[in-house]
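Remarks on the structure that follows.
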Amino acid sequence: MINENLVNNVVAEPYKYGFVTDIETEKISKGLDEGVIRLISQKKEEPKYLLDFRLNAFKKWQKMQEPDWANLGYKKIDYQDIIYYSAPKQKEKVSSLDEVDPKLLETFDKLGIPLTEQKRLTNVAVDAVFDSVSIATTYKEQLAEHGVIFCSISEAVKEHPELIEKYLGSVVPASDNYFAALNSAVFSDGSFVYIPKDVKCPMDLSSYFRINSGDSGQFERTLIIAEESSSVSYLEGCTAPMFDTNTLHAAVVELIALDNASIKYSTVQNWYAGNENGVGGIFNFVTKRGKCLGKKSKISWSQVETGSAITWKYPSCLLIGEESVGEFYSVALTNNLQKADTGTKMIHIGAKTKSTIVSKGISAGQSNNSYRGLVKMGSKANGSRNYSQCDSMLIGDQASANTFPYINSQQPNSEVEHEASTCRISEDQLFYLQSRGIEFEEAVSMMVSGFCRDVFNQLPMEFAAEADKLLALKLEGSVG
Amino acid sequence: MQVKMKGKEPLLEISNLYASTENLTILKGVDITVKPGEIHAIMGRNGCGKSTLSKIIAGHPSYKINQGQIKFNGTNIESLEPEERAQSGIFLGFQYPIEIPGVSNLEFLRVATNARRKFLKKDELDTFEFEDLVKEKLELVKMDSAFLERSINQGFSGGEKKRNEILQMALLEPQIAILDETDSGLDIDALRIVASGIKKIANQETGTILITHYQRLLEEIKPNFVHVMANGQIIKTGGSELALELEKYGYEWTDEMNKNI
């Protein structure tokens with residue numbers, strides 16, 4: 001028998017980002033009705049088309065049922081007990097970083113995302129979102145020289161209405177699902193990216209989402225458009241303080257890739273996961289979808305999901321353009337009482353489309369980790385191919401893992417391949433590493449990183465190192 | 001190194017060792033003393049307790065010491081974790097080396113080597129320094145550097161796994177090496193390579209225990225002592241000629257001895 005206590009100690013680690021920034025905020029009252037939506041829209045000085053978009057979504061949401069098919073099981077969410085808009089108080093219009101509240105800059109400093117010119121990351125442009133608003137976006141001017149637009153979605157609504165009107169909701173319609181409808185009604189901020197034709201984005205773009213207040217939800221919205229023959233790599237990180245209540249996070253991300261364009265979207269999700277008894281933590285309900293509209297376009301999702309009490313997330317690809325490519329690489333680590341139901345949907349519509357799914361689930365403690373994926377071959381997806389590989393690793397004997405693959409093919413001339421495996425870190429493997437002088441903790445962490453290697457290889461380099469460290473941290477603790 | 005050569009203090013001293021797993025007693029009073037420069041062979045049938053003895057010395061968590069003790073450099077090691085034993089210079093060559101998917105052999109060897117070096121208060125090696133060292137050691141076992149890029153033992157043939165064990169031994173430079181059936185599953189060429197590797201690593205300051213069924217490894221590496229094990233005990237100890245007798249008369253001969261105890 002592996003010493004269970006030892007393993008449990010190893011996988012329990014204190015959350016490093018659990019601090020709260022003490023800052024004056026402007027919050028609206030709890031609850032949700034049409035008035036609240038009008039208020040949000042008014043605060044953001046939105047044009048009428050967007051208010052209509054929100055109200056229409058709200059109407060649809062009211063008629064929808066919260067889904068219960070996921071393998072999650074959680075306390076019912078009281079949607080009237082949530083604040084739908086919360087923003088740190090600051091000057092009306094912040095024209096430069098010098099005018100941003102130092103407390104906010106300090107917060108992002110502490111999170112390892114310095115924003116000021118002297119300290120900011122050299123090869124990554126960052127959009128920093130704090131509760132409901134975007135605080136700052138770095139390298140905007142430099143990117144603009146290449147025609148790249150990188151700004152908060154609120155700003156894009158004002159500055160680039162034609163793009164917003166054309167593409168917002170074009171991949172994830174408001175009526176898509178319960179949480180997407182909610183987001184469409186109340187979304188506050190998020191990032192907007194536009195890469196013009198023939199431009200290879202000169203640096204990685206990144207958004208960092210920080211939830212600070214305990215009683216307000218975060219509903220961000222991200223929209224990325226890659227024109228013909230352009231490419232971009234986009235990274236997303238998230239953390240939240242430790243509260244003993246659950247905070248709702250319902251985001252929508254839409255990607256659009258035109259002919260020969262490629263979008264790589266990487267996430268490291270480290271929302272607060274609740275304590276070892278399952279108290280507190282973020283409820284993470286996210287709809288992420290990419291549309292490969294153009295010929296030979298490519299959308300690649302990679303995600304490292306380590307946080308949140310509940311994760312409900314299926315980054316998907318609609319493969320419409322001929323020979324377009326969709327990819328999904330995922331590592332999901334759950335511990336204690338965390339629950340994750342995550343996977344992808346690859347919808348093959350065009351001919352000769354190709355998709356790859358590699359999912360690695362690691363469950364420790366009493367957690368439950370499910371992969372749920374759909375591969376659909378439409379009637380016109382002649383000569384299309386999918387390869388799926390879903391591996392689960394169990395640590396200890398109280399964790400569970402499930403795989404729910406759905407395959408739906410209407411095209412006889414297409415190929416779908418699915419492989420799945422489950423393994424447990426065996427006592428013999430641990431003993432082998434230990435008998436070479438490698439500490440128990442390091443042995444566990446080496447094996448977990450080894451298990452995830454196929455996915456880590458897909459992450460941008462800085463991100464891969466961070467993800468590896470994050471998993472090691474999650475698996476760190478006091479041994480012996 | 002802490003090796004003191006005065007009067008050749010024993011490296012490993014196993015006395016009256018009783019051990020069990022899942023309430024089944026496997027070792028029933030084993031005594032062995034290994035001094036620096038000595039090579040011991042332990043022979044015996046399957047299930048006689050040879051492998052158990054090696055795992056207990058290395059600290060496998062499935063086995064429990066019920067009586068007696070194991071001293072390494074004069075200290076009882078019962079309370080030490082397997083990694084502490086390894087760092088201090090105990091090496092176990094596995095009969096069935098374990099496959100660990102996804103973990104690169106090179107990275108594994110480097111982390112292990114540095115753990116040992118740290119214990120010896122030597123500087124830890126960075127990736128480049130380590131590559132130089134490992135290339136030199138690969139020569140010893142005639143392994144191709146392509147092995148380093150693969151996952152630990154994954155997809156290795158039986159012979160490749162065993163050579164990888166000896167490579168680890170060469171890197172860790174243990175004070176005492178227990179090699180559990182390192183010869184099994186090797187063809188004659190591989191056996192010679194492995195044996196010559198072991199001989200090059202062993203020296204006047206180290207002790208070696210070879211656990212084997214067959215005489216053929218002992219033709220390559222001549223032991224100072226041969227112990228015959230049966231039913232959890234050492235029933236006979238002699239010089240290298242004992243192995244020849246075993247080869248000649250077979251284990252039935254030792255069964256007779258066992259009955260007489």
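The values are calculated or read from the model by the stated rules, or taken from the named source; none is laboratory data. This one's a predicted model, so the numbers in the text were calculated from it and none came from an experiment. When we count neighbours, we look across all protein chains shown, and the Cβ atoms used for this are built from the backbone with ideal geometry, even at glycine.
The set of residues in region B:56-85 being over 20 Å from B:Lys35 (Cα atoms) and either among the basic types (Lys, Arg) or facing another protein chain (nearest Cβ under 9 Å) (or both) consists of B:Gly59, B:His60, B:Pro61, B:Ser62, B:Lys64, B:Glu81, B:Pro82, B:Glu83, B:Glu84. On the stretch given as region B:45-62, residues that are over 16 Å from the mean Cα position of the chain (by Cα) and surrounded by 19 or more Cβ atoms within 10 Å (Cβ to Cβ) total 1.
Against the list (1) assigned to a strand (DSSP E or B); (2) surrounded by fewer than 16 Cβ atoms within 10 Å (Cβ to Cβ); (3) away from every other protein chain (no Cβ under 14 Å), the condition A:Gly361 fails is (2). Checking each residue in region A:38-55 for being of a type in the set (A, V, I, L, M, F, W, C) and either over 10 Å from A:Tyr85 (Cβ atoms) or surrounded by fewer than 14 Cβ atoms within 10 Å (Cβ to Cβ) (or both) picks out A:Leu50, A:Leu51, A:Phe53, A:Leu55. From the list B:Gly68, B:Gly93, B:Gly89, the lone residue that is under 18 Å from the mean Cα position of the chain (by Cα), modelled with pLDDT of 95 or more and more than 21 Å from B:Ile193 (Cα to Cα) is B:Gly89. Look at B:Val226 and say whether it is of a type in the set (A, V, I, L, M, F, W, C), crowded, with 22+ Cβ neighbours inside 10 Å and not in a helix (DSSP H, G or I). Judged against the criteria, B:Val226 is a match. Among the criteria (1) surrounded by 15 or more Cβ atoms within 10 Å (Cβ to Cβ); (2) in contact (Cβ under 8 Å) with a residue 60 or more places away in the chain; (3) more than 26 Å from A:Tyr49 (Cβ to Cβ), the one A:Asn123 does not fulfil is (1). Of the listed requirements (1) in a helix (DSSP H, G or I); (2) touching a residue at least 40 places away in the same chain (Cβ under 8 Å), B:Pro174 misses just one: (1).
If you take the residues in region A:385-431 that are outside any strand (DSSP E or B) and within 14 Å of another protein chain (Cβ to nearest Cβ), which one is farthest from B:Gly59 (Cα to Cα)? Ranking the qualifying residues of region A:385-431, first place goes to A:Ile425.
Rundown of residues vs (1) in contact with a Cys (Cβ under 7 Å, 6 or more places away or on another chain); (2) within 28 Å of B:Gly102 (Cβ to Cβ); (3) assigned to a loop (DSSP other than H, G, I, E, B); (4) within 14 Å of another protein chain (Cβ to nearest Cβ), yes/no style:
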{"site": "B:Ala170", "(1), (2), (3), (4)": "no, yes, no, yes"}
{"site": "B:Leu179", "(1), (2), (3), (4)": "no, yes, no, yes"}
{"site": "B:Thr182", "(1), (2), (3), (4)": "no, yes, yes, no"}
{"site": "B:Lys199", "(1), (2), (3), (4)": "no, no, no, no"}
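Looking at region A:157-243, the strands (runs of 3 or more DSSP E) lying wholly inside it that each contain 3 or more residues that are within 14 Å of the chain's Cα centre (by Cα) sit at A:204-210, A:221-226, A:231-239. Restricting region A:432-459 to residues that are hydroxyl-bearing (Ser, Thr, Tyr) and in contact with a helix residue (DSSP H, G or I) (Cβ under 6 Å, 6 or more places away or on another chain), the residue that is nearest to the other protein chains (Cβ to nearest Cβ) is A:Ser435. Yes or no: B:Ser88 surrounded by 19 or more Cβ atoms within 10 Å (Cβ to Cβ), over 30 Å from A:Cys423 (Cα atoms) and within 14 Å of another protein chain (Cβ to nearest Cβ)? The answer is yes for B:Ser88.
This table checks each residue for (1) touching a helix residue (DSSP H, G or I) at 6+ places or on another chain (Cβ under 9 Å); (2) touching a residue at least 40 places away in the same chain (Cβ under 8 Å); (3) surrounded by 24 or more Cβ atoms within 10 Å (Cβ to Cβ); (4) at positive phi.
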residue	(1), (2), (3), (4)
A:Glu155	no, no, no, no
A:Pro161	yes, yes, no, no
A:Ile164	yes, yes, no, no
A:Gly169	yes, yes, no, yes
A:Ala185	yes, yes, yes, no
A:Gly190	yes, yes, yes, yes
A:Pro196	no, yes, no, no
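Considering only region B:126-138, I want to know if a residue exists there that is at pLDDT 95 or above, farther than 30 Å from B:Ser20 by Cβ and not in a helix (DSSP H, G or I). No, region B:126-138 has no match at all.
Scanning region B:145-154 turns up one or more residues that are more than 14 Å from every other protein chain (Cβ to nearest Cβ), in a loop (DSSP other than H, G, I, E, B) and closer than 22 Å to B:Lys200 by Cβ.
So that you can scan it fast, the table gives a plain yes or no per residue for (1) over 29 Å from A:Ala273 (Cα atoms); (2) under 17 Å from the mean Cα position of the chain (by Cα); (3) buried (at least 24 other Cβ atoms within 10 Å of the Cβ):
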{"position": "A:Trp301", "(1), (2), (3)": "no, yes, yes"}
{"position": "A:Ile310", "(1), (2), (3)": "no, yes, yes"}
{"position": "A:Leu319", "(1), (2), (3)": "yes, no, yes"}
{"position": "A:Arg372", "(1), (2), (3)": "no, yes, no"}
{"position": "A:Met377", "(1), (2), (3)": "yes, no, yes"}
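Checked against the criteria, B:Asn76 counts as over 22 Å from A:Cys423 (Cβ atoms) and either surrounded by fewer than 16 Cβ atoms within 10 Å (Cβ to Cβ) or within 15 Å of the chain's Cα centre (by Cα) (or both).
I'd like to check something: does region B:169-191 contain any residue that is of a type in the set (Val, Ile, Thr) and surrounded by fewer than 18 Cβ atoms within 10 Å (Cβ to Cβ)? Within region B:169-191, one or more residues are of a type in the set (Val, Ile, Thr) and surrounded by fewer than 18 Cβ atoms within 10 Å (Cβ to Cβ).
If you go through region B:97-131 and keep only what is in contact with a helix residue (DSSP H, G or I) (Cβ under 8 Å, 6 or more places away or on another chain), more than 8 Å from chain A (Cβ to nearest Cβ) and either among the basic types (Lys, Arg) or touching a residue at least 60 places away in the same chain (Cβ under 8 Å) (or both), you end up with B:Leu109, B:Arg110, B:Lys118.
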